[in-house]
Amino acid sequence: PSLDEIVNLHDFEAVAKAILPPKAWAYYSSASDDEITIRENRAAYQRIWFRPRVLRDVSVVNWSTTILGQRSSLPVYISATALGKLGHPDGELNLTRAAGKHGVIQMIPTLASCAFDEIVDAAVPGQVQFLQLYVNRDREITRKYVQHAEKRGVKGLFITVDAPQLGRREKDMRMKFVDESGVAKVQENQSGVKKDEGVARAISSFIDPSLSWKDIPWFKSITSMPIVLKGVATPEDALMAYDYGLAGIVLSNHGGRQLDTARSGVENLMEVVAALKTRGPWPNPKFEVFVDGGIRRASDVLKAIALGASAVGVGRAFMYSFCAYGQDGVEKAFEIFRDELEMNMRLLGACTIDDLTPEMVDANAIHSH
Ligand code: FNR
């Protein structure tokens with residue numbers, strides 16, 4: 001279909017499935033084990049209902065916000081997804097260029113298939129980028145990588161903490177690793193690559209499973225970027241992140257690709273916010289909570305924000321949008337979010353992101369599976 005025929009983000013997924021080589025589709029779409037968590041990521045939003053308010057003069061609606069103190073035209077950022085070139089020859093640059101044009105923040109993956117500098121060079125002046133970090137067993141590689149990113153103007157460091165070992169993504173494992181350009185770049189950047197267990201395993205064998213809370217002061221000592229832990233799932237760990245003086249957390253299960261039957265980020269959100277409220281006034285500008293996983297509609301975005309998230313991350317929907325259409329597809333995905341946000345905020349009675357409150361949703365059924 002032509003881009004004009006795409007009306008929602010689900011359409012991009014269907015197109016990607018139809019046009020991608022089986023190996024790329026397997027890597028992008030797969031989740032771990034029985035793929036229960038990936039389904040739950042969508043299902044959880046369907047257990048949250050709106051309580052819209054009326055007669056609130058919604059003629060002017062504004063969905064822009066700040067994320068870690070940086071302006072963002074959408075309350076949505078592009079979460080890190082590895083190996084963009086499996087989907088399109090321009091890989092991650094599709095995201096960078098579209099994001100630059102639309103004022104959206106991109107999180108650059110450690111396992112990008114374009115070189116890190118190429119992705120930074122593709123940004124327009126003032127464009128905000130974050131870095132997603134997989135921590136190398138060789139801390140010197142990690143230190144150089146983080147400090148280089150900061151020097152290149154990256155504005156936030158998201159350390160992925162839910163992947164001490166990559167989950168078993170069986171669809172992906174059935175496709176043996178075959179060398180190719182995008183993957184070769186990752187091998188160049190990070191050492192210790194294995195070649196016999198599917199794409200995900202092959203590119204991730206350098207990741208350090210010994211990473212622990214004891215390492216957090218070291219990260220704080222090597223960078224002044226705000227540090228966010230990506231892949232937190234409990235109030236216990238949320239409070240630890242807070243007490244370690246970090247800038248925030250992403251409630252995430254890695255798009256269902258790690259521990260299967262882990263709960264969804266949005267299901268964990270309410271208890272995490274309740275726990276953080278015991279530490280002081282909320283919202284707390286010094287500690288932000290983000291959510292990702294399963295977000296395909298502006299209504300999902302608004303539910304997470306109403307329940308206390310400052311913004312949400314989107315992985316697959318943006319990846320799928322560039323597979324057939326490159327940068328134009330990503331721009332269209334932003335426009336779809338924008339149009340849906342405008343409509344849904346009007347119908348909900350919220351003129352700004354700050355107007356979204358817990359009373360606007362009924363999440364009583366969130367824990368009933
Ligand atoms: C990911 N994700 C991910 N996260 C991360 O921290 N480092 C990474 O390299 C990757 N790579 C990656 C590849 C692919 C193909 C997918 C689908 C996901 C997880 C990602 O950042 C995010 O947490 C989820 O994608 C969010 O769920 P949705 O939006 O895909 O449902």
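Here, each number is a calculation from the coordinates, and none is a lab measurement. This structure is a prediction, so every number in the text was calculated from the model and none was measured. Neighbour counts are summed over all protein chains in view; Cβ atoms, including those assigned to glycine, are modelled from backbone coordinates with ideal geometry.
In table form, for the structure just shown:
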quantity	calculated
Euclidean distance of C-alpha centroids, the stretch 110-176 and the stretch 202-222, integer Å	13 Å
Residues of the stretch 319-335 with amide N under 18 Å of the 7 Å Cα→Cβ point at residue 64	334-335
Pairwise label distance in nanometres, residue 212 with residue 286, each label 7 Å out on the Cα-Cβ vector	2.7 nm
Mean Cα-pair separation over length for the stretch 42-103, i.e. relative contact order, pairs under 8 Å, 6 or more apart, %	20 percent
Spin-label pair residue 151/residue 236, simplified geometry with 7 Å Cα→Cβ offset, distance in nm	4.1 nm
Cα gyration tensor category, rounded, prolate or oblate, for the stretch 1-158 with a/c compared to 1.5	oblate
Protection-proxy order for peptides 156-163, 73-80, 250-257, 355-362, each taking the mean of Cβ atoms within 10 Å per residue, highest first	250-257, 73-80, 156-163, 355-362
Neighbour-count order for 145, 320, 45, fewest beta carbons within 10 angstrom listed first	145, 45, 320
Fully extended contour minus Cα-Cα distance, from residue 57 to residue 359, at 0.36 nm per residue	106.9 nm
Inverse mean reciprocal Cα-Cα distance (Kirkwood Rh) of the stretch 274-369, Å	14.9 Å
Percentage relative contact order, the chain, counting C-alpha pairs under 8 Å, at least six apart	28 percent
Inter-label distance, nm, simple model (7 Å from Cα along the C-beta direction), residue 343/residue 278	4.2 nm
The chain - mean residue ellipticity at 222 nm from DSSP helices (-39,500 (n - 2.57) per run, n ≥ 4, rounded to 500)	-12000 deg cm²/dmol
At least 30 Å along the helix axis (C-alpha) and Kyte average at least 0.0, DSSP helices within the chain	none
Distance between the stretch 1-78 and the stretch 231-287 - C-alpha centres, whole angstrom	20 Å
R0 of 30 Å, Cβ-Cβ distance residue 19-residue 205: FRET efficiency to nearest 0.05	0.50
Residues residue 352 and residue 170, FRET efficiency given R0 of 45 Å [Cβ-Cβ distance, rounded to 0.05]	0.55
